[in-house]
Amino acid sequence: MRFDEKKGWLGIETRDADTLQNAFYVVDSQSGKLMLADYKPKAGWWSGLEDIYGGCLYLHRGNNQQYGQHEGIMAINAVSGQTLWEQPHYSFYGLADDYLLAKESDQDLNEFVYLDYETGAKIPAALTLSEIKSALSHFQAQRQQQSKVPSHYPENNVFFAELQLFLQEIINTEAVLAMDYLETGRYFVIGYYQKQPDSKYTYQVAVFSITGALLLQEKLKTDATGIGLDNFFILNDTLILSKNKDSLLGYGF
């Protein structure tokens with residue numbers, strides 16, 4: 001899953017367990033509308049999602065079906081599924097303010113190519129490795145202002161004990177195993193595990209106002225056998241919950 005902070009969209013990759021064929025979906029985080037559904041690239045199972053930004057999916061191909069090494073970049077319109085451009089001999093490296101950064105497959109690791117977002121054409125540029133890393137970090141920091149992911153706290157973490165005590169006092173529940181925590185200026189979210197009688201676990205989230213009032217409880221997974229990640233996040237002020245790994249729920253507070 002990748003975030004398009006500019007559009008407020010989610011890019012999602014799924015894979016069929018039997019055929020290994022993957023498919024791509026794009027969801028509007030505000031409305032829940034499917035912008036793109038069940039898009040299947042011709043490259044087969046060794047394609048994958050690198051990023052989504054500005055309404056464009058960036059996919060990679062693989063030059064080795066056994067090991068899945070990334071090679072090639074495909075830019076796909078995130079609504080129509082139309083291929084906008086393709087560069088088969090470059091590997092995706094990252095996005096910056098004004099260009100897509102790529103590497104030529106047979107070149108030195110520090111040799112980069114700068115591609116135009118919209119056309120895939122080469123852009124003349126000459127940056128040092130330090131300048132490249134700085135540009136990528138700066139752009140990523142800008143994007144992350146619109147998205148938030150929770151911090152994860154295992155059972156032996158000090159903050160786990162504090163959250164565990166809070167849940168006991170406010171909603172009378174015993175949390176075990178690990179917890180996820182995400183805070184905004186208006187509310188905070190705690191994801192926690194409860195032990196089932198069969199020694200498996202239920203994963204739930206509880207949303208509280210900044211003053212501690214309970215706003216929402218939602219069960220996201222039952223019969224879990226261990227710890228999972230990526231259960232919830234925030235994109236453009238929408239709290240998005242991943243339920244049973246096959247559906248998304250969006251909330252605004």
Cα gyration tensor of the stretch 2-144, axes a ≥ b ≥ c as square roots of the eigenvalues: rounded (a/c below 1.5), prolate (a/b > b/c) or oblate? oblate
How do T238, T119 rank when sorted from fewest to most other Cβ atoms within 10 Å of their own Cβ? T119, T238
Once every DSSP H run of n ≥ 4 in the chain is given -39500 (n - 2.57) and the sum is divided by its residues, what mean residue ellipticity at 222 nm do you get, rounded to the nearest 500 deg cm²/dmol? -4000 deg cm²/dmol
How much net charge surrounds N244 when only other residues with a Cβ under 15 Å from its Cβ are counted (Lys, Arg +1; Asp, Glu -1)? +1
Using a 7 Å offset from the Cα along the Cα-to-Cβ direction at both D98 and E183, what is the distance between the two label points in nm, to one decimal? 3.9
Here the net charge surrounding R2, from other residues whose Cβ is less than 9 Å away from its Cβ (Lys, Arg +1; Asp, Glu -1), is -4
With Cα coordinates, the longest principal axis of the chain makes an angle with the long axis of helix 158-171, in degrees rounded to 10, of 50
Report the extension gain between I170 and H138 in nm, rounded to one decimal, defined as 0.36 nm multiplied by the number of residues separating them, less their alpha carbon distance. 7.5 nm
Folded to 0 to 90 degrees: helix 129-144 orientation relative to the chain principal axis, Cα: 50
Per the rule of 0.36 nm per residue minus the C-alpha distance, extending L129 to K200 adds in nm 20.8 nm
Where Rh is the Kirkwood radius over the Cα pairs of the chain, the temperature 25 °C and the viscosity 0.890 mPa s, what D in µm²/s does Stokes-Einstein return? 122
Can you tally the net charge around K122? Count Lys and Arg as +1, Asp and Glu as -1, for every other residue whose Cβ sits under 12 Å from the Cβ of K122. -2
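All of the numbers you see were taken from the coordinates with simple rules; none came from a lab. Values in this document were obtained by computation on a predicted structure and should not be read as measured data. Virtual Cβ from ideal backbone geometry, glycine too; neighbours counted across all protein chains shown.
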